[in-house]
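Reading through the structure tokens given below for one structure.
The values are calculated or read from the model by the stated rules, or taken from the named source; none is laboratory data. As the structure is a computational prediction, the values presented were derived from the model and not from experiment. Positions of Cβ are backbone-derived with ideal geometry, glycine not excepted, and every protein chain shown enters the neighbour counts. Only protein heavy atoms, including side chains, enter the accessible area calculation; ligands, DNA and RNA are left aside. Shrake-Rupley method; radii C 1.70, N 1.55, O 1.52, S 1.80 Å.
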Amino acid sequence: MERRLDRSIALALAAVASSGCVSQRMEQGLGRLVGQNVQVAVQRFGYPQTRLPGSTGTVYTWKVVAVRRDPSPVGTFSGSVGSAPVYDTASGPPSGVVRGCMLRLTVDASQTIRGGTWKGDVLDCAAFAQSMPR
């Protein structure tokens, strides 16, 4: 049990430490994509989920969506029926937290990347950050 706790703490610390690294890689990588053909991004991230016309060009969007399940809340109840004690537990429906990462690139008519943005949870953006040009 102690070893599992140590590993959990180490993973949590690594996630916190890498959050700055993910943000930095995303920002730097987006800067390096500007001026390149959009096919460079498609080769790195796969086909985009959407490709929509925008006011300054076509906006390509890639998304990672993750649902993390939280444990169900549990309550313990006690009472009596007549003189007999009664104990019971109850739990609610599982709750989920939706997180993810979204990467958007604006591409002009000549298929050149003109800019990009990203937003999301750094853990979910790590795959995009890893695929960014260095």
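Rundown of residues vs (1) modelled with pLDDT of 90 or more; (2) touching a helix residue (DSSP H, G or I) at 6+ places or on another chain (Cβ under 8 Å); (3) not acidic (Asp, Glu), yes/no style:
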site: Ser18; (1), (2), (3): no, yes, yes
site: Leu30; (1), (2), (3): yes, no, yes
site: Val34; (1), (2), (3): yes, no, yes
site: Val40; (1), (2), (3): yes, yes, yes
site: Pro48; (1), (2), (3): yes, yes, yes
site: Arg68; (1), (2), (3): no, no, yes
site: Pro85; (1), (2), (3): no, no, yes
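Cβ-Cβ below 6 Å, separation at least six or inter-chain, first residue in segment 47-65 and touching a residue at least 12 places away in the same chain (Cβ under 8 Å), second not in a strand (DSSP E or B): which pairs?
From residues that are touching a residue at least 12 places away in the same chain (Cβ under 8 Å), the pairs are Gly57/Asp108; Tyr60/Pro48; Thr61/Pro48; Thr61/Gln49; Trp62/Phe45; Trp62/Pro48; Lys63/Gln49; Val64/Asp124.
Considering only segment 46-62, state which residues are outside any strand (DSSP E or B) and either basic (Lys, Arg) or open to solvent by 40 Å² or more (accessible area, probe 1.4 Å) (or both).
Pass one, segment 46-62, residues outside any strand (DSSP E or B): 46-49, 55-56.
Passing the criteria: Tyr47, Gln49, Ser55, Thr56.
Return the residues of segment 105-134 that are without any contact (Cβ under 8 Å) to a residue 60 or more places away in the chain and surrounded by fewer than 17 Cβ atoms within 10 Å (Cβ to Cβ); say none if nothing qualifies.
Asp108, Ala109, Ser110, Lys119
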